[in-house]
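Peer 1: Here you go, one structure.
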Amino acid sequence: MKRMIGIAAVLTATGWVAGCVNVTAPNKPIEINLNITITQDVVLKLDGQAKSLIQQNPGIF
């Protein structure tokens with residue numbers, strides 16, 4: 001019997017504590033800063049004919 005009274009008291013106490021929690025939205029908007037760096041490596045493979053054409057005409061590019 002004492003055990004049941006103890007359990008009831010614990011459940012009642014936790015019910016009171018749970019009722020005291022308040023969640024409110026902030027007044028200002030939430031700001032998330034993401035610092036992202038994107039790098040890209042470009043690999044260009046030329047066949048022999050295109051390579052010789054570029055060497056013959058260096059002003060093309």
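The values are calculated or read from the model by the stated rules, or taken from the named source; none is laboratory data. Note that the coordinates shown come from a computational prediction; the quantities given were computed from them, not determined experimentally. Don't worry about glycine lacking a Cβ; one is built from the backbone with ideal geometry, like all the others, and counts go over all protein chains shown.
Peer 1: Going by the conditions given, is ILE54 among the hydrophobic types (A, V, I, L, M, F, W, C), in a helix (DSSP H, G or I) and at pLDDT 80 or above?
Peer 2: yes
Peer 1: Could I ask something else about it? Which of (1) assigned to a helix (DSSP H, G or I); (2) loosely packed, with under 10 Cβ neighbours inside 10 Å; (3) at pLDDT below 80 does ILE5 not meet, given it meets every other one?
Peer 2: Failing condition for ILE5: (3).
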